Amino acid sequence: IKGSDNFWHWEIGIPQELVLILTLIKDELSQEQIDKYLMPLNDYIFYPKLTMANKMDIGYSSIIAGILQKDYSRVAVSVEMLREMYDNVEIFDGFYDDWSFIQHEIYGYIGAYGASFINSLSKVSYILDESIFRLDDFMKEKQYDWFINSYIPFMYNGSFFDLVRGRNV
């Protein structure tokens, strides 16, 4: 059923809220109930064609859903999908060699999509830290480098400069 032309609500926003709610009430639910509630996410939550912030948000939901469903192969595949984002890009979306962050092919968006990206990444890093799926040292070092070189230069008094906040302004 097509609910809207805005994929974000259906594929990012709602799944994030759903896994959050299920995480909070999981002890009150049976495994069958959890699996039933997450069934709609099993088919469409995982699109490799998405880039950076959207991919990270979907990866976060996919990892949490995998943990809730005890589907550890899904967690492993999701972590591998996220690993691809640690490579710098030369065109389109992602982090570049000069530490800039581009989204929607041409926009410097470290204060908008980049903030969403790092929000989901920080949750994933924390959740996986004591597991066999934890992020490796290269990934952790890269995250540190992103903070220092991509985020901090565009912040003042705890806020991002408007020039990197896109439509969030």
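Restricting the range 74-87 to residues that are assigned to a helix (DSSP H, G or I) and charged (D, E, K, R), which is farthest from MET52 (Cα to Cα)?
So the residue we want is ARG74.
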Per-region count, the range 126-144, residues over 14 Å from MET85 (Cα atoms) and in a helix (DSSP H, G or I): 5
Some residue of the range 88-99 being in a loop (DSSP other than H, G, I, E, B), of a type in the set (A, V, I, L, M) and under 14 Å from the mean Cα position of the chain (by Cα): no
Matching residues, the range 61-76, being of a type outside the set (Gly, Ala, Ser) and closer than 10 Å to ILE34 by Cβ: LEU68, GLN69, LYS70
Qualifying residue in the range 54-63 (condition: within 21 Å of LEU20 (Cα to Cα), of a type in the set (Phe, Trp, Tyr) and either open to solvent by 30 Å² or more (accessible area, probe 1.4 Å) or in contact with a Pro (Cβ under 7 Å, 6 or more places away or on another chain) (or both)): no
Residues satisfying the stated conditions in the range 102-126, i.e. open to solvent by 40 Å² or more (accessible area, probe 1.4 Å), under 19 Å from TYR60 (Cα atoms) and over 8 Å from the mean Cα position of the chain (by Cα): SER122, LYS123, TYR126
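The values are calculated or read from the model by the stated rules, or taken from the named source; none is laboratory data. Predicted model only: the values in this text are computed from it and were never measured. All Cβ positions, glycine included, derive from the backbone under ideal geometry; neighbour counts span all protein chains shown. These accessible areas exclude ligands, DNA and RNA; they are computed on the full protein's heavy atoms, side chains included. Shrake-Rupley method; radii C 1.70, N 1.55, O 1.52, S 1.80 Å.
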